[in-house]
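Only the coordinates and a few stated rules stand behind these numbers; no lab work does. For clarity, every value in this text was computed on a predicted model and none was experimentally measured. When we count neighbours, we look across all protein chains shown, and the Cβ atoms used for this are built from the backbone with ideal geometry, even at glycine.
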Amino acid sequence: MRLKNRAVCVVAALFTVAASPSCFGQADPASEPAVLAVAKVLPAVVNINTERVVRRTVRDPFDDFYSQFFGYNRFRPREVRQTLQSLGSGFVIDPTGYIVTNQHVVERAADLKIHVTTNDGKTYRARYIAGDDKNDLAFIKIDAQPDFPFINLDNISPNLLGQTVMVVGNAAGYGSSISRGVLSAVKRDITVDETEYKGLVQTDAAINPGNSGGPVIDLSGRLVGIASAKMAFTPQGVPTQGLGFAIPADVVRDSVNRFKQVAMKQGKVKGSPAPAEPGSARAEKLFGMQLQNLSSELSDALGYLRGRGVLITAVEPDTPADSAGIKRGMVLYRVNKSTVSSVREADEALGAADSGANVEFTIGIIRARGENHELATLTLKAR
C-alpha cells in the first residue's frame, strides 16, 4: 500500500497534478527561515524622515534682461526659504537607542529635524552624533527611555557568495518592506556622483529609494551590511538590473566603535565624565540660551540654593530668550510643569518642543541665605 501511494505521488509530481497533502509535508510559512529572520530583525529597523530649511537667492528673468540691455538691475535678488525632505532607513544597534544609517540620509544634520519611527509606530526626535563621508555612515540617537530592540553587531554574517540575503527598510516610503536575493559579489568598488566607494558587497535583492541606511540580513538574522546604492546604468549608459550595493557589516561594526568613542569624548554616552549637553543644545537652538549643570561648588560660589535648577551661561542677541529679558547668570527652575535640576532633565522636558511651540519657563534666582526669591514665569515661542 505504501509503494502504491508513493507511486501516485510521483506520477502527480511528474504531470503537475495536484498531489494530496499526504504526498508532501505541509510547509508552515511561519517556520520558514526567512520569516523567522525578518521577525527577529524588524523591531530594530526604523524609518528616518529628515527636514532641512535652506535659503537660496533667486532672480527674476526680467532682471537679467534689463541688466544686459540697459546696464542696471531694476530689482535686488530675492532670498527664498525652501524646505527639503528626505526619507531613509536605519536600525538600532544597542538598547539605549543609538542608530546607524547612511550619512547621505542625514547629511548636514546640524540643520535638520530628524524624526525616527520605530516598527511599533512610535515616532521620536533624534539627534546627530557623528558621521563618516568616506564610508557613507552616520550615527544618531533617540532621546527616550532605553530598552529598544536592536541588531547585534558582535555576531555578523560571514558574507558568502550565493547566500540568501534580504533588504529591510522604508522602500519608496512604505515602511517595513522586504526584498530578497543572493549575495552576488564582494569587494566591489563603484563611483556615485563622482564619489568613489570601495569594498562594497553586491546583491540582486531590490534596493529602492528609502532603503538607504536599512539593514541587509542573512537567513539567521545576522547583519550582511547596510543598503547604500543601486546601479541603474553602467558608466557607459547601458541599463542594468539587479545591481545593488551595501556597506559590509564589518565596516559598519568598526565605524560604530569609532562613533562611540567620539560620543564619549563629547559627553553624549553613558560613562563619560563630561556633563551631558543635549539640553543646552536644544535650549540654545530653540530659544537662544546656553545651559550648564549647577554643581554644589558653583552654587556656593554664586550664593544660590543647592540642588535646584540649571545655570544660564549665555543668551544670544535677538533670540526669544533675549527678547524676554533673560540674562546670563539666571537659573532655570522649571520647563512647563517639569522641575529641572540638571541639563539632562531640561533636555527631556524640551524633548517634545519644536519650532513655533510655546514653552513656559520659570527663571530667576533662589538665594541660599533665605533672601527674597526673584522668580518669573515666562512663555517663550521657539524659533
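Things worth noting here:
- Rounded to the nearest whole Hz, the Karplus-based 3J(HN,Hα) values (6.51 cos²θ - 1.76 cosθ + 1.60, θ = phi - 60°) of region 146-155 follow the sequence x, 5, 7, x, 8, 9, 7, 8, 7, 10, with x at glycine and proline.
- Built amide H within the under 5 Å cut-off of residue 224, gap 5+: 157, 216, 217, 218
- Between residue 91 and 46, 100, the built amide H atoms are under 5 Å apart, and every one of these is 5 or more places off in sequence or on another chain.
- With neighbours defined as other Cβ atoms within 10 Å of a residue's Cβ, the residues 294, 161, 243, 378 order from fewest to most as 161, 378, 243, 294.
- Ordering of 162-174, 325-337 by packing [mean C-beta count within 10 Å, highest first]: 162-174, 325-337
- Near residue 122, once Lys and Arg are set to +1 and Asp and Glu to -1 for all other residues with Cβ below 14 Å from its Cβ, the sum equals -2.
- Per-residue Karplus couplings for region 134-142, computed as 6.51 cos²θ - 1.76 cosθ + 1.60 with θ equal to phi - 60°, are listed in order as 4, 9, 6, 10, 9, 10, 10, 9, 7 Hz, Gly and Pro entered as x.
- 3J(HN,Hα) couplings calculated from phi for region 349-354 with the Karplus curve 6.51 cos²θ - 1.76 cosθ + 1.60 (θ = phi - 60°) are, in sequence order, 5, 8, x, 8, 6, 9 Hz; Gly and Pro show x.
- Computed from point charges on the beta carbon alone (+1 for Lys and Arg, -1 for Asp and Glu), the dipole magnitude for region 278-381 about its Cα centre is near 220 Debye.
- Amide H contacts of residue 148: 96, 97, each under 5 Å away and 5 or more positions distant or on a separate chain (H built 1.01 Å from N in the peptide plane; Pro and chain starts excluded).
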